[in-house]
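The values are calculated or read from the model by the stated rules, or taken from the named source; none is laboratory data. Worth saying up front: this structure is predicted, and the values here are computed from it rather than measured. Ideal geometry is used to build each Cβ from the backbone, glycine not excepted, and the neighbour counts take in all protein chains shown. The accessibility values were calculated without ligands, DNA or RNA, using every heavy atom of the protein model including side chains. Shrake-Rupley method; radii C 1.70, N 1.55, O 1.52, S 1.80 Å.
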Amino acid sequence: MSAMPAEQLQDSEVKAKAKASIRQALYLSVWRWHFYAGIIFAPFLIILAFSGGVYLFKPQIESMMYKDMLTVREVLDTPTSADSIIAKTVQAYPGTSVSSITLPASPSDSYKLSARRSGIATTLYVDPYSGNVLGMMNSDKTFSAFFKKLHSELVVGGTAANRIVELAACWSLILLLTGLYLWWPRGKDGIWGTVLPRLSKPGSRLFWRDLHAVPAFWISIVLILIIMGGLPWSGIMGPRIDKLANATDTGTPPFAYSFEAKPESVTVASDIAEDLPWAAESLPVPESAPGGYMRLGVDDIARIADYKQIGKPYTITMPSGEKGVYTVATSHVKPGDNATLHLDAYSGAVLTDVRYDDYGILAKAITLGIAFHEGRLFGLPNQILGLVACLGLILVTCSSYVMWKKRKPEGKLGAPAKAKNRKATIGVLLIMMLCGAIMPLVGISILVVLVLDLFILRRIKPLQAWFSV
């Protein structure tokens, strides 16, 4: 075989160098986005991982904390009727208005009543046999309420805190994807530093780099599924996901009514009912037809629910107003058992009956994703897997901080060098803007960063030096 001419060899080397230069520029551009996002959102990710890891074990923790309220002392043959329990509770505690009652699956579990007492949301637990209240709590100050608020609103509450949490969650997806790009071996041989960490030199930057990159690789898929499972509940992405499901007919069916057409109602199920599956929250609510009849009792509605094979535990929400309906919604461990029924408060006619099998493919996927996010899709293994992912996220975040401190030069933030290839920089920016188009809060934050970069950071020399812009 003849040797390659010198001109071709030189041209080949030039092309190889150009490709290597572009790869290096892409790497630096991705690294800068990864770095700045990590610096900004690391504290929030630790809070979300900690609160989420604890909340995963809510059933076990609350069963120990509130055992005297959740479990009855003596199980008898026949429980007291739900109507009698509600009437007795209201009589014993004047000023109490019961909005819903949850009938348990186990005969040893108490009934849970959601109520308002003197304007305060209150949860009461009642012995189903004696009708006596075993205990009550401010609904906003329970263990689960605290950690749910920490996880979704950073405890302080309000729309702003909720949007910050959603922004951190969306950026965590980008951090994971950019992190996987940075982690990619690129021709490296062996498993060390890729799938197994190099721990032979504790305290070195290489040690902390591997404690950051390798665990992140192992938990990345689980974390992506957990984050995506939580986004349907978010304030901005949630409605967009719901709108997408409805627009593509992959959410709940256009209607699932036993006797009537789809109601043209401005009221949706989440406005009037509790313990609803996500896919049923936007269902339009029908109206009852009073017709001068007596309103049915909770026991009547429970018998209809049992006849319709709605497995316990399920929550019965009381009608609101003269034309209000009873709502029966499940709070099952298994998403496949989801059911949402609206019943005429006077005739007991089933006006809405939506089960998991009625959901479209997207609604089913979201329902499974939410269950995985909450650790109830496949029981204890799901909880443990979620906990490992949460602890791993805390480790990855903390190790990144140590790694950054070790490489940070004096008097500078220590951001990765800016890529010199303009095409690579613009290409990565366009990909980031695409992510921003999908996740609006990300898009807004990117625009804010660009404005700061163009009009402030580049024009003030000390800031320019500090941020390496």
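Structure summary
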{"quantity": "Yes/no for GLY375 being among the small types (Gly, Ala, Ser), crowded, with 18+ Cβ neighbours inside 10 Å and either part of a loop (DSSP other than H, G, I, E, B) or touching a strand residue (DSSP E or B) at 6+ places or on another chain (Cβ under 9 Å) (or both)", "calculated": "yes"}
{"quantity": "Those residues of region 317-334 which are within 17 Å of SER114 (Cα to Cα), at pLDDT below 95 and in a loop (DSSP other than H, G, I, E, B), in sequence order", "calculated": "SER320, SER331"}
{"quantity": "Selected residue (only one of LYS412, LYS406 is among the charged types (D, E, K, R) and either assigned to a helix (DSSP H, G or I) or closer than 23 Å to GLN60 by Cβ (or both))", "calculated": "LYS406"}
{"quantity": "Region 417-444 - residue that is in contact with a Leu (Cβ under 6 Å, 6 or more places away or on another chain) and at pLDDT 90 or above and, of those, nearest to ILE164 (Cα to Cα)", "calculated": "LEU441"}
{"quantity": "Near pairs, Cβ below 7 angstrom, 6+ apart or cross-chain, from region 334-347 (within 15 Å of ALA279 (Cα to Cα) and open to solvent by 10 Å² or more (accessible area, probe 1.4 Å)) to any residue that is of a type in the set (Val, Ile, Thr) and part of a strand (DSSP E or B)", "calculated": "ASP337/THR330; ASN338/THR330"}
{"quantity": "Residue count for region 445-469, restricted to those that are of a type in the set (Lys, Arg) and either open to solvent by less than 50 Å² (accessible area, probe 1.4 Å) or in a helix (DSSP H, G or I) (or both)", "calculated": "1"}
{"quantity": "Only listed residue being within 20 Å of VAL328 (Cα to Cα), of a type outside the set (Val, Ile, Thr) and surrounded by 14 or more Cβ atoms within 10 Å (Cβ to Cβ), chosen from SER97, SER106, SER84", "calculated": "SER84"}
{"quantity": "Where a residue in region 228-250 is in contact (Cβ under 8 Å) with a residue 12 or more places away in the chain and its partner, wherever it lies, is among the aliphatic types (A, V, I, L, M) and open to solvent by 80 Å² or more (accessible area, probe 1.4 Å), with Cβ under 6 Å and at least six apart", "calculated": "THR250/ILE361"}
{"quantity": "Subset of region 190-225 that is among the β-branched types (Val, Ile, Thr) and under 24 Å from ASN382 (Cα atoms) - its residue that is most open to solvent (accessible area, probe 1.4 Å)", "calculated": "ILE221"}
{"quantity": "Unique match (being among the basic types (Lys, Arg), touching a strand residue (DSSP E or B) at 6+ places or on another chain (Cβ under 8 Å) and modelled with pLDDT of 95 or more) among LYS308, LYS312", "calculated": "LYS308"}
{"quantity": "Looking only at region 137-159, and only at residues there that are open to solvent by 70 Å² or more (accessible area, probe 1.4 Å) and within 22 Å of MET237 (Cα to Cα), the one that is nearest to the chain's Cα centre (by Cα)", "calculated": "LYS148"}
{"quantity": "Out of SER118, SER21, sole residue that is of a type in the set (S, T, N, Q) and on the phi > 0 side of the Ramachandran plot", "calculated": "SER118"}
